[in-house]
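Undergrad: Please find one structure pasted underneath; my questions will follow.
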Amino acid sequence: MSVTAAKGFTAAGIAAGIKENGNPDLALVVNTGPRRAAAGVFTSNRVKAAPVLWSEQVLKGGRVSAVILNSGGANACTGPLGFQDTHATAEKVADVLGESAAEVAVASTGLIGIRLPMDKLLPGVEKAAAELSAHGGEKAAIAIKTTDSVHKTAVAEGEGWTVGGMTKGAGMLAPGLATMLVVLTTDADLEAPALDKALRAATRTTFDRVDSDGCMSTNDTVLLLASGASGVTPGYDAFADAVTQVCDDLARQLIGDAEGASKDIRIEVVGAASEDDAVEVGRSIARNNLLKCAIHGEDPNWGRVLSAIGTTSAAFEPDRLNVAINDVWVCRNGSVGEDRDLVDMRYREVRITADLAAGSDSAVIWTNDLTADYVHENSAYSS
């Protein structure tokens, strides 16, 4: 049930006419309380879409009563008029729901540089509000899809409380901090500072370590809303674990639906001198297009892993590096290891382990292969 799995939330997803193909394109998620606590993280791209700029201000108050999300247009790089459109959207939601616009978060996704059709979006808000339901989470998840082939939801259960979530994303997946649009909900009775701490801890090791194509969006938004409707205040660790579980599930779904991908690649860097070193190395491997092409061709080309490691500032000695592909140590001590013909790459998931032999820290980065389908989809996207 996605964002409506937790008590105290209603949602809707409708076709407002923003997309020319008539598919669902407007989602509304409402926190019916009694608590309206919220936290959020946003893209670190210096070019930020109007809804990001708006929602960043909203979240400073630590309260969100509703989130309005549209697909079919990013409302990014649209100047002052684009920001006015975001403001008008929040005002419309507030008017329809009887709330304050200062507690309405806005998120958009789609092509950059095109203003939204407000003559369709604003009437769509009224239609979405009329269809709000405690069972509307799935429809909301469908309405925020762009190039996604499937809608993406996840739920984790605590002792008398729940965390639910939905996301969209299939391209421009790179850390920054989020990697897409995400709405998480919980009926746990918690205040904004606890939500913020748990959300930042979760995104740091999940969404921030999904690196599909090295391209950072202008619209990335992750929101966590708490209704308090369960009446239960869980311990922080239990709550943070549940939030991380939902974020990790959604992050894996993003990689599984990455544009054109035929392989999901799990890169684990071990033996690092620090976690930062491990992340830097993992990200360098994930962004090596030669390696991603090799994985698509089911070629265990470990030399491309070493070359990617060598571009980083991480601590290591080249003659101590070890690399395994699908548990076969094809590189030992910076040279030839086990027979590469032993590597079975027929299956969707490919596991790469890079041992820096420089310490005890580690990190996992997820990416995918580079295919002709990815090139086609992104060359034809605007049409």
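Undergrad: At a 1.4 Å probe radius, carbon and sulfur cover how many percent of the accessible area of the chain?
TA: Its accessible area is 49 percent carbon and sulfur atoms.
Undergrad: Can you pull the one-decimal nm distance between simple spin-label points at Ser360 and Thr32, each 7 Å off the Cα toward Cβ?
TA: According to this spin-label approximation, the distance is 5.1 nm.
Undergrad: Please get the size of the charge dipole for the chain, origin at its Cα centre, with Cβ charges of +1 on Lys and Arg and -1 on Asp and Glu, quoted in debye to the nearest 20.
TA: Rounded to the nearest 20 debye, it is 840 debye.
Undergrad: Now, a different point. Rounded, prolate or oblate: which fits the range 38-106 when a ≥ b ≥ c are the square roots of the eigenvalues of the alpha-carbon gyration tensor, with rounded for a/c under 1.5 and prolate only if a/b beats b/c?
TA: Here the range 38-106 falls in the oblate category.
Undergrad: Looking at the chain, send over the antiparallel percent of its DSSP beta bridges, to the nearest 5.
TA: 70 percent
Undergrad: In debye, nearest 20, what is the charge dipole magnitude of the range 1-143 about its Cα centre with +1 on Lys and Arg Cβ and -1 on Asp and Glu Cβ, if you could check?
TA: That gives the range 1-143 a dipole magnitude of about 380 debye.
Undergrad: Continuing with this model, one more query. Quote to one decimal, in nm, the extra length available between Ser313 and His87 on full extension: 0.36 nm per residue of separation minus the C-alpha distance between them.
TA: Taking Ser313 through His87 to full extension adds about 77.0 nm, to one decimal.
Undergrad: Taking semi-axes √(5λ) of the Cα gyration tensor in Å straight from the coordinates, which label in [x] 39, 23, 17; [y] 38, 23, 20; [z] 32, 27, 23 is the correct one?
TA: Computing semi-axes √(5λ) of the Cα gyration tensor in Å and matching it to [x] 39, 23, 17; [y] 38, 23, 20; [z] 32, 27, 23 gives [x].
Undergrad: Counting other Cβ atoms within 10 Å of each Cβ, which GluC sites (Glu not before Pro) in the range 295-383 have at most 16 and sit in a DSSP loop?
TA: For GluC sites (Glu not before Pro) across the range 295-383 that sit outside H, G, I, E and B with at most 16 neighbouring Cβ atoms in 10 Å, the list reads Glu298, Glu338.
Undergrad: Here's another thing I want to ask about it. How many nm is it between the label spots at Tyr347 and Glu20, if each spot is 7 Å from the Cα in line with the beta carbon?
TA: So the two model labels end up 4.3 nm from each other.
Undergrad: Which value in nm describes the separation of the simple spin-label points at Glu268 and Glu298, placed 7 Å from the Cα toward the beta carbon?
TA: Going from the Glu268 label point to the Glu298 one covers 2.4 nm.
Undergrad: Could you work out how far helix 118-130 tilts from the main Cα principal axis of the chain, as a 0 to 90 degree angle to the nearest 10?
TA: 80 degrees
Undergrad: Convert each backbone phi in the range 194-201 into a coupling constant with the Karplus relation 6.51 cos²θ - 1.76 cosθ + 1.60 (shift: θ = phi - 60°), then list the ³J(HN,Hα) values in order as whole Hz, x for Gly and Pro.
TA: Rounded to whole hertz, the list is 5, 4, 4, 4, 5, 5, 5, 5.
Undergrad: Apply 1/(1 + (r/R0)^6) to the Cβ-Cβ distance of Asp95 and Ser133, taking R0 = 25 Å, and write down the FRET efficiency to the nearest 0.05.
TA: 0.75
Undergrad: So, one more: How long is the gain from Glu126 to Arg340 if the chain were fully straight, where each residue apart is worth 0.36 nm and the alpha carbon distance is subtracted?
TA: Length gained, Glu126 through Arg340: 71.1 nm.
Undergrad: Next up: Quick one: which residues, 5 or more positions from Ser274 or on another chain, have an amide H under 5 Å from its amide H? H modelled 1.01 Å from N in the peptide plane, none for Pro or chain starts.
TA: Close amide H contacts, sequence-distant or interchain: Asp361.
Undergrad: Which whole-angstrom value gives the distance between the alpha carbon centres of the range 116-142 and the range 4-46?
TA: One Cα centre to the other: 9 Å.
Undergrad: Still on this structure, please answer the following. What do you get for the angle between helix 79-97 and the principal long axis of the chain? Use alpha-carbon atoms, 0 to 90 degrees, nearest ten.
TA: Approximately 60 degrees, to the nearest 10.
Undergrad: Angle, helix 50-59 long axis vs. longest principal axis of the chain, Cα atoms, 0 to 90°, nearest 10?
TA: 80 degrees
Undergrad: How about the range 308-363: which chymotrypsin sites (Phe, Trp or Tyr not before Pro) there are in a DSSP loop, with at most 12 other Cβ atoms within 10 Å of their Cβ?
TA: Tyr347
Undergrad: Okay, next question. Taking the dipole about the Cα centre of the chain, with the C-beta of Lys and Arg at +1 and of Asp and Glu at -1, give me whichever of Pro193, Ser55, Leu223 is farthest to the positive side.
TA: Of Pro193, Ser55, Leu223, it is Ser55.
Undergrad: How many angstrom lie between the C-alpha centres of the range 257-287 and the range 202-240?
TA: Using only Cα atoms, the two centres lie 20 Å from each other.
Undergrad: Rounded to the nearest 10 Å², what accessible area does Glu275 have for a 1.4 Å probe in the complete protein model?
TA: Probe radius 1.4 Å; accessible area of Glu275 about 60 Å².
Undergrad: Now, a different point. Once the piece of chain linking Leu53 and Glu191 is laid out straight, how much longer is it, given 0.36 nm per residue of separation minus the C-alpha distance between them?
TA: Difference between extended and current length: 47.4 nm.
Undergrad: A further question follows. Near the amide H of Lys152, under 5 Å away, which other amide H atoms are found, from residues 5 or more places off or on another chain, if H is placed in the peptide plane?
TA: Distant-sequence amide H within range of Lys152: Thr167.
Undergrad: Could you work out the relative contact order of the chain, using alpha carbon pairs under 8 angstrom and six or more residues apart, expressed as a whole percent?
TA: 18 percent
The values are calculated or read from the model by the stated rules, or taken from the named source; none is laboratory data. On a predicted model such as this, the values are computed, not experimentally measured, just so you know. Cβ atoms come from the backbone with ideal geometry, glycine included; neighbour counts cover every protein chain shown. Note: accessible area is taken over every heavy atom of the protein model, side chains too, but ligands, DNA and RNA are not part of it. Shrake-Rupley method; radii C 1.70, N 1.55, O 1.52, S 1.80 Å.
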